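Every number here is computed from the coordinates shown, using simple stated rules; none is lab data. If you're wondering where the values come from, they're calculated on a predicted model, not measured in any experiment. Note: ideal-geometry Cβ built from the backbone for every residue, glycine included; neighbour counts use all protein chains shown.
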Amino acid sequence: MTIGPPVPGYSEPTLDSRTISRPEVIGLSTGYSPSDATASQTVPPSSSDSASSDAAAGSRSRRRKTSHLKEVPETLELRESLRARCEQVADRLDRSVPMTKDELEQVARRTLEEADLPESLVGWVMVMISTSFWRHALEGVPPERRLFLLPHCLKHAEGCPAEYDEFGMNCKECGACSIADFRGLAEEMGYRVLVAEGSPVVMKIIVGGYVDAVIGVACLNVLEKAIDKVLLAGIPCMAVPLLSSDCRNTKVDEAWVDQMIRTPYQPAQQETRSYVHLMRAAGDLFLPETLEANAPRLRGKSAFGTGELTAQTVAAMDAVEATEHIAYDFLARGGKHSRPFITLAAYDAMTGGDCTGSNAARAIAELPQSVRRAALSIETFHKASLVHDDIEDDDSFRYGQPSLHKVFGVPTAINVGDFLVGMGYRLISDRSAMADTGAAAQIDVMDCLAAAHMRLGEGQGAELLWRDGTDRRLTPLDALKIYALKTSPAFEAALYSGVRLGCGDDADGKANEYREAIRAFSRNLGVAFQILNDLGDFAGDDDNKLSAGGDIFGGRPTLLWALALESLNEHDRHELLGLADADCMLSDSERLSAVRRLYEKAGVFDTAFRLVDKHQQRAEQVADKLEPDALRRLLYFLVDTVLERPEIHSPKVVSLGVAAATV
């Protein structure tokens, strides 16, 4: 199947491993090198490094693979010595902004080189430096605003009586392991305690406003993900790594945990910038009272967002009021609100960054109405697309509740989605409500949203036509075109809206330059994200429908499928196409195993990950050239947090009950 003409500005990247893994030096020093006697943080690249000399001037290093570099120092004596060195290194670092993961890795590598210790300890040293970096900030958070996170694997595996709920393990304090002791001490000091793992639940608790800092115990695998999601957001966090990653009856340096829990409270002003304030502000926009204040309803006044909306309650309403009520209720239901966060953060980055600093509360309260409405508009478009996507895919649930078309029927749900589209445009087009920004900026934002909406429709349309057709052939370039059209516009619209409003009257004429740069960044970020999403779906991760191979059996065009068709011989291609046939006699498990075998034979997973690396590099190269520094750091933050690489393994298969189109 051919997917139309090339996407403007898009070309398929060339796979060259030399440009994927080559490391560069960033301008950071631990202060321990003999040549760094003045303890300066800025050092030039070494002559032995192949990186360009502009690496020290702000461009991003190309990260090495660190998944295999997670050994723990063998003896307590070595761990104590290395931890002390990490504390000294951290005290020399600039704490005005959070370290990026690349910066943290480079400092860890330098620390190990100067201590003449092996590279295999990089992961452990990164955790120690990060913990030391944030320890002063954590002291400024009272214990009752701290979260203490413990892993399940500290429990005694045989005969543990603990029960589990949606938030983790409920310890019975039987005394068989150290969990009860740590938990008792923490609760006595006022901590909130959670026996669970994973950054999503932690971020949900933090963004929800329940806590302001985190301490925890976990294996290095979990802590690496926490760095991506928690630390980079500017959330004070300290951790003690487990001594192994065996996940059963593991051990930890208990004296270190005790010391960490007892970190004294010393009131202090926020020193390091944090995105948490803006994350919370983005979520608060969709509280019923805030939503009503920023986008007043025109029809009804009945309470919404109570979680009790049913077909019966809507039937009792005025017929004209009902559509608006369902739409507002759906807006208030939930979600990560990542798009409105991006808009708020982009605006803040262009106007001084006060919303991430010590006076964030005041700065957020003073955000212009136009910026708030732009952030609302971005999410309103997204919610409209979800309503329509749920209908097109016949998904039964959204945000833990039945999908709108399952409650109100397909025609009403389509109409609610259409209403949300109109509402999204109205949020920007209302001149009186957007009076605090210039008309030129208002028009530019409107134009960007309209263009993004059209490209999204093109990408979704191409996907549906392929899904519902009978020809299962697909080229990698066609798959990448769909990704660029379907995923990238949301990132672009969210970023550009904030940046353009932050440019004000654009007296220097930079707005158009920003738009082109943001389009290139968003295109590469979106494509990389979609590839990873497909890899995660095949791996059966919890965030993507919990069904391994769902894209294959559901008939959605993916890069993995296209790469396999391109690389396999004729016999294997025929077998792969047959596995998507609705008449295939194999069970879901057998089909998935066969597809996996063919994917591995074609080298699909390695190629896809290399493409992710290439698109990530392209996105970072765009970010390298942008000013101000706050905007560049925001783009780096998005790369690090959005592009989370899944582990491909053989998962449990859930039957989808979906028949693919006949070949």
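A crude spin-label estimate for the pair Q312 and S587, with each label 7 Å from Cα along the Cβ direction, gives 4.1 nm.
Given R₀ = 41 Å, FRET efficiency for E566-M454 by Cβ-Cβ distance, to 0.05?
Details: r = 29 Å, r/R0 = 0.72.
Efficiency, rounded to the nearest 0.05: 0.90.
Distance between the 7 Å Cα→Cβ label points at T75 and E516: 6.1 nm.
Considering only DSSP states other than H, G, I, E and B, which GluC sites (Glu not before Pro) in the range 298-348 qualify as loop sites with at most 10 other Cβ atoms within 10 Å? Don't skip to the end; give the middle numbers.
Details: sites: E308, E321, E324; in loops: E308.
Within the range 298-348, the qualifying GluC sites (Glu not before Pro) (loop, at most 10 other Cβ atoms within 10 Å) are E308.
Distance between the modelled labels on Q401 and D471, one decimal in nanometres: 4.3 nm (7 Å Cα→Cβ projection).
Roughly speaking, what is the stretch gain from D508 to A255, that is 0.36 nm per residue apart minus the C-alpha to C-alpha distance, in nm to one decimal? Mind showing how you got there, number by number?
On the way: separation 253, 0.36 × 253 = 91.08 nm, distance 5.79 nm.
Result: 85.3 nm gained on full extension.
One quarter of the convex hull surface built on the alpha carbon atoms of the range 459-540 amounts to 6.6 nm², the projected area averaged over directions.
Greater than 21 Å separation of Cα atoms is the criterion. Which listed pairs, K229/K510; K225/K336; K70/K101, meet it?
Pairs exceeding 21 Å: K229/K510.
Between E627 and R431, full extension at 0.36 nm per residue minus the direct alpha carbon distance yields a gain of 67.6 nm. For V141, the residues 5 or more places off, or on other chains, whose built amide H falls under 5 Å of its own are Q266. Around the amide H of V214, modelled in the peptide plane, lie the amide H atoms of L147, C237, M238, all under 5 Å away and 5 or more residues distant in sequence or on another chain. Estimated from the Cβ-Cβ distance and a Förster radius of 45 angstrom, the FRET efficiency linking D418 and L243 is about 0.20. A Förster radius of 56 Å combined with the Cβ-Cβ distance from A268 to L577 puts the calculated FRET efficiency at roughly 0.35.
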